[in-house]
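Down below is the structure, laid out as structure tokens.
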Amino acid sequence: MNAPLFSAPRVEPFFFDADPGTRFSLYHAPAPHVAPRGAILYVHPFAEELNRTRRMASLQARRFASMGYAVLQIDLFGCGDSCGDFNAARWDLWLRDLATARAWLAERSPGPMQLWGLRLGGLLALDFAARSPVDGIILWQPFLSGRTCINQFLRQRLVADARNAGPGDPHTTAALRAAMVARGQVEVCGYELALPLAQAIDAVEAIAIAVPPCPIHWFASGAPAPARLAASAAQLAQAWAAHGATLHFHALAGEPFWSDGGSSECTALLDATSATFAAAAQ
Amino acid sequence: MNIEQRALQFHCQGTSLVGIIDVPERPHQRGVLVVSGGPQYRVGSHRHYTLLSRLLAPRGIPVMRFDYRGMGDSEGEPRAFDAIDEDIRAAIKEFLLQMPDLREIVIWGLGDGATAASLYAPTDARVRGLVLLNPWAGSDGAITGPLIPQLLARFGEIGFWKKVGSRPAGAIDASLPLPQRIVASLTCFDGATLVLLGGADAIGHQFAELLEKNQTDCRRVTIAGANHTFASREWRDEVAEISANWIVSW
């Protein structure tokens, strides 16, 4: 009866004022009974991948919090529960949102600051870190090329159109890109992608980013081409070493939880991430 | 009209749930609770539910969206859509706690979220309306013949259920096949029901067949060309517009 209440760390959802409008955020306070380890700012994926990966982000955020990290999840402008239309979202606006979120988190947690990005969020985290140096970066199944991300996104429209095709519908990503240039935007499965956002994302390449001199942990499922993935990792490690960063590549066997129709949980990724960061503090 | 967005954390049987209420400056006494279908969290595919709230709230309709246990930002293990009655009840409790002047709840759901809403509705007298989008009636395929006569023997006279009023004896027998449970629930539910169907959605078509065979009393609107999740601005806006108008029409 008199035992202290060591309840699991609880999440604190809130809206904060940003420019423009408001952003929805979730703060996971670090567990009170373990040594604080610093802060982790989460950067979510693009469009519907944000929704599909919500559970995984939540599970890992809680694990980080129970290890003593202060974790902040923010919905970027035009995404999730934040204000704005998706078609008004811009890369620069997202970078500003991350700066605001980082400042908020740094006030609560004076320790080291790490970024944790999933899919396109990984690429956004890297781009942000080049402008606002951090103490570590965690990448979950990141896109290394923005153009690849946009092409994969556009392909979803082709798949949807194939089920319910109209006569004048574009049949290739090139045709969709042309339509986007002509109309200023293209609608893909309910998301209106604006040309300036697509162009900004297209222009980002992980290998060209001047990352800060910090450890970078890259967790990825090896399937379907483990040799190609390992070769990319070696190339990136070399490029980033020039900036003083150390890349740790963690290949694992796991479900593509970010894609449609699959399982929403990937225990192998949670376990690999938790093991890496539990060990890092020893 | 000014809208206040409240981020909430509340509990369902000891598990922490996350939700959001859009509170209009001059709220209608009828509020909307969105029950998301699976697997989808409170934002909805292509932000459908977030954008719906943004159309409803400025018209005075308070909207609450939440993640049930095991979904999105909420704690707990994932659950089947027909095992979330306690989550819906906890959300309604929180909604009324946040907005004490609220008199009636309309549950708005898509896919198996709509199914969950229809199963829940007759068990809670505060629920006066349902907006059901492409409800999921199970994978059993075509439904043969009217279900109601053979059902009456299983759970007694429908009049009995209605008389029980605010304290119904419980949910419809969960061992029945899903289409029968849905029809029985909708028949026992004495509130208003609006069914919105996507013209190009097979799941919606199947549900329409189920309703026709059982002469279930509800208003039905089909949105031409729309798919299961109403995945385009045009369809989404139409859904929101019809929902908003219907909710304040009775």
The one condition B:ILE88 fails out of (1) in contact with a Phe, Trp or Tyr (Cβ under 9 Å, 6 or more places away or on another chain); (2) modelled with pLDDT under 65 is (2)
Matching option when the condition is crowded, with 24+ Cβ neighbours inside 10 Å, within 15 Å of B:ALA240 (Cα to Cα), among the small types (Gly, Ala, Ser) and at pLDDT 95 or above, among B:GLY60, B:GLY31, B:GLY19 | B:GLY31
Conditions (1) among the aliphatic types (A, V, I, L, M); (2) without any contact (Cβ under 8 Å) to a residue 60 or more places away in the chain; (3) not in a helix (DSSP H, G or I): number failed by A:LEU93 = (3)
Only listed residue being modelled with pLDDT of 95 or more and in a strand (DSSP E or B), chosen from B:THR222, B:THR229 = B:THR222
In segment B:205-240, residue surrounded by the fewest Cβ atoms within 10 Å (Cβ to Cβ) [restricted to those that are within 11 Å of chain A (Cβ to nearest Cβ) and under 18 Å from the mean Cα position of the chain (by Cα)] | B:HIS228
May I ask you to list the residues in segment A:104-155 that are within 12 Å of A:TYR42 (Cα to Cα) and part of a loop (DSSP other than H, G, I, E, B)?
-> A:ARG119
Can you name the residue in segment A:185-200 that is under 16 Å from A:ALA174 (Cα atoms) and touching a residue at least 12 places away in the same chain (Cβ under 8 Å) and, of all such residues, is surrounded by the fewest Cβ atoms within 10 Å (Cβ to Cβ)?
-> A:LEU195
Would you pick out the residues in segment A:216-240 that are farther than 23 Å from A:SER274 by Cα and either surrounded by 13 or more Cβ atoms within 10 Å (Cβ to Cβ) or touching a residue at least 24 places away in the same chain (Cβ under 8 Å) (or both)?
-> A:SER232, A:GLN235, A:LEU236, A:ALA239, A:TRP240
For segment B:73-90, name all the residues that are in contact (Cβ under 8 Å) with a residue 12 or more places away in the chain and within 14 Å of chain A (Cβ to nearest Cβ).
-> B:ASP73, B:SER74, B:GLU75, B:GLY76, B:PRO78
In segment B:198-219, the residues that are part of a loop (DSSP other than H, G, I, E, B) and closer than 18 Å to A:CYS189 by Cα | B:GLY199, B:ALA200, B:ASP201
For A:ALA39, indicate whether it is under 18 Å from the mean Cα position of the chain (by Cα), buried (at least 23 other Cβ atoms within 10 Å of the Cβ), hydrophobic (A, V, I, L, M, F, W, C) and within 17 Å of B:GLN9 (Cβ to Cβ).
-> no
Condition set aromatic (Phe, Trp, Tyr) and within 19 Å of A:LEU72 (Cβ to Cβ), scope segment A:117-164, selection nearest to the chain's Cα centre (by Cα): answer is A:TRP140
Can you pull out the residues in segment B:34-51 that are more than 7 Å from chain A (Cβ to nearest Cβ) and either closer than 15 Å to B:SER74 by Cβ or aromatic (Phe, Trp, Tyr) (or both)?
-> B:VAL34, B:VAL35, B:SER36, B:GLY38, B:ARG42, B:TYR49
Residues located in segment B:7-33, provided they are closer than 23 Å to B:GLU77 by Cα, within 12 Å of chain A (Cβ to nearest Cβ) and either in a strand (DSSP E or B) or among the hydroxyl-bearing types (Ser, Thr, Tyr) (or both) = B:ALA7, B:LEU8, B:GLN9, B:PHE10, B:HIS11, B:THR15, B:SER16, B:LEU17, B:VAL18, B:GLY19, B:ILE20
For segment B:73-96, how many residues are out of contact with any Leu (no Cβ under 8 Å at 6 or more places or on another chain) and crowded, with 24+ Cβ neighbours inside 10 Å?
-> 1
Of the residues in segment B:58-70, how many are touching a helix residue (DSSP H, G or I) at 6+ places or on another chain (Cβ under 7 Å) and without any contact (Cβ under 8 Å) to a residue 60 or more places away in the chain?
-> 6
The lone exception for A:PHE257 - which of (1) crowded, with 20+ Cβ neighbours inside 10 Å; (2) in a helix (DSSP H, G or I) it fails = (2)
Give A:TRP258, A:TRP218 a once-over and let me know the one that is out of contact with any Ser or Thr (no Cβ under 8 Å at 6 or more places or on another chain) and on the phi < 0 side of the Ramachandran plot.
-> A:TRP218
Residues in segment B:36-57 that are crowded, with 24+ Cβ neighbours inside 10 Å and among the basic types (Lys, Arg) total 2
Whichever residue in segment A:17-60 is of a type in the set (Gly, Ala, Ser) and facing another protein chain (nearest Cβ under 9 Å) and, among such residues, is farthest from B:GLY38 (Cα to Cα) | A:SER25
A:GLY84 passes all but one of the listed conditions (1) touching an Asp or Glu at 6+ places or on another chain (Cβ under 8 Å); (2) touching a residue at least 24 places away in the same chain (Cβ under 8 Å); (3) at positive phi; the exception is number (1)
Within segment A:61-90, restricting attention to residues that are charged (D, E, K, R) and in a helix (DSSP H, G or I), which residue is nearest to the other protein chains (Cβ to nearest Cβ)?
-> A:ARG62
Residue hits (segment A:115-133; touching a Cys at 6+ places or on another chain (Cβ under 8 Å), more than 17 Å from A:SER58 (Cα to Cα) and buried (at least 21 other Cβ atoms within 10 Å of the Cβ)) are A:LEU120, A:LEU123, A:ALA129
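The values are calculated or read from the model by the stated rules, or taken from the named source; none is laboratory data. All of these numbers come straight from a predicted model, not from anything done at the bench. Every residue, glycine among them, receives a Cβ derived from its backbone with ideal geometry; neighbour counts consider all protein chains shown.
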